[in-house]
Every structure is written in structure tokens, then in C-alpha cells.
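The values are calculated or read from the model by the stated rules, or taken from the named source; none is laboratory data. Computed from a prediction, not measured in an experiment: that's the story for all the values here. Please note: Cβ atoms are built from the backbone with ideal geometry, for glycine as well, and neighbour counts cover all protein chains shown. With ligands, DNA and RNA removed, areas are computed over all heavy atoms of the protein, side chains included. Shrake-Rupley method; radii C 1.70, N 1.55, O 1.52, S 1.80 Å.
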Amino acid sequence: MIDPIAVGLAAAATVAGYLVGSISSGYLVGRAYRNVDLRTVGSGSTGATNMLRTLGPGAALLVALLDILKGAAAVFIAARVVGGASDLLPIAQAAAATGAVAGHCWPAFLEGRGGRGVATAFGAFLFIATPAWFLAVVSFALAVALTRIISLGSLASVAGGVIGYVVLAVAGVLPFHWAVLAFVLTAGGIIVWRHRPNIERLMRGVEPRLGSRA
């Protein structure tokens, strides 16, 4: 039987998370740093990777940290509203996290032109399923270290996060909840979808590596 309270809470948390995610760190930092609109340069993404190639590592690190904070903030707000002891907490947090990733990718305030969602998903995942988050980060770091391709690291982090959550939940290392799994799969699907141009370039062997000018 469908619980109308849970449905309403999930809808409200998704909207709240979406609004938080729609605050574009890349756009704001680009404008403040050198009055650059990231949507008009490079890949057109407002994420840290495009910032790295456009304005350098300092600005990119700041954007990455702010994007991570967005995901964490969405989960924190959901927890504060619901209360830590509530049975609805995982649903509210997962819904807010999903909304934050969607907001980052398709922000309400920038005509739907945002980033790829990886850093925001990392920030949310950290507080929803910490052990699995660690595997996602390790997967990202290893892929980038071995290939110097950030997009490949992002895709590897999706695989690491999904597999990590399922395996650790089955092993009893962390509690399983269908809402958390739904977030992991949905956020992962969004990230893969947003990386379609990168995947095409990877298949053609022309995806830029760190340090390249391509």
C-alpha cells in the first residue's frame, strides 16, 4: 500500500534538493573570477572539469568543493526536516540527493544548462552510504591515475558506487534501503547520460587527457 505521507515527503525533498542543486557553483565562480560564462566556453559544462581547462586548477578545485557541498547540503536539509530517528529519513535523503544531482545537471536558473553531476552525487553519497562512497571515490581516482581521463574516472565512479553499495549491503556492512539504491541507480544513470559526448569520444580514442589542450 502506498503511503501518501512518504510520497508527499519524497516529492517535497526532491524539489528542495533540485533547488539546492540548481545553484551553479561553476557559473558563479566563473563570473566572479574572470567574468566568464562557462556555458559559452570549452565543453559548455558548468562543472569542475570545464573550469579546470578554462580557468585553471584553483578555480576548478573551488567549484568541485562547492558542488560536493551542494549534494551534502541537500541530504543534511532533508535529515533536519524529517528528523534523524524517522523511518522516512532514507527516503527523504535519497529524494533530496536525486533532486540535487538533477538540479546541478539541469539548473532552473541557467536555462537547464549545467554540469555532469559527479561532484554533487559524491557529496550526497558520502552521507547516505559512506563505505560505498569510498569505493566510488577510489574507482574515480584509479581510473584517472591510470588514464589521465577525467570522464573515464567519472564513469568508473558510477560503476564503483553501484557495485559497492550492492556488495556492501549484501555483506551486511551497511543497511540496505530501496530508496538509497534508487538514488544510486538514478544518479548513476543521469551521470552516464550526461557523459554521452565523452563516451563517443572515448570510443573513438579522442577524449582529451589531463594536461592536453584538446
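Overview of results
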quantity: Surface share of carbon and sulfur [accessible, 1.4 angstrom probe, percent] for the chain; calculated: 70 percent
quantity: For q = 0.23 Å⁻¹, Debye-computed log10 I/I(0) when each Cα of region 24-124 counts as one equal scatterer; calculated: -1.06
quantity: Euclidean distance of C-alpha centroids, region 67-97 and region 154-213, integer Å; calculated: 21 Å
quantity: Highest-MSF residue in the chain out of V81, V36, V184 [GNM, Cα springs under 10 Å]; calculated: V81
quantity: Where the chain is the region considered: accessible area per residue in Å², 1.4 Å probe; calculated: 49 Å²
quantity: For the chain, with +1 on Lys and Arg beta carbons and -1 on Asp and Glu, the positive-most of V41, G112, S86 along the dipole; calculated: V41
quantity: Most mobile listed residue (A100, A108, A32) in the chain, GNM with C-alpha springs under 10 Å; calculated: A32
quantity: Only Lys, Arg (+1) and Asp, Glu (-1) charged, at Cβ; region 1-146 dipole about Cα centre in debye; calculated: 460 debye
quantity: Choice from I23, I190, I163 showing the highest fluctuation, given a GNM over the chain with Cα pairs closer than 10 Å; calculated: I163
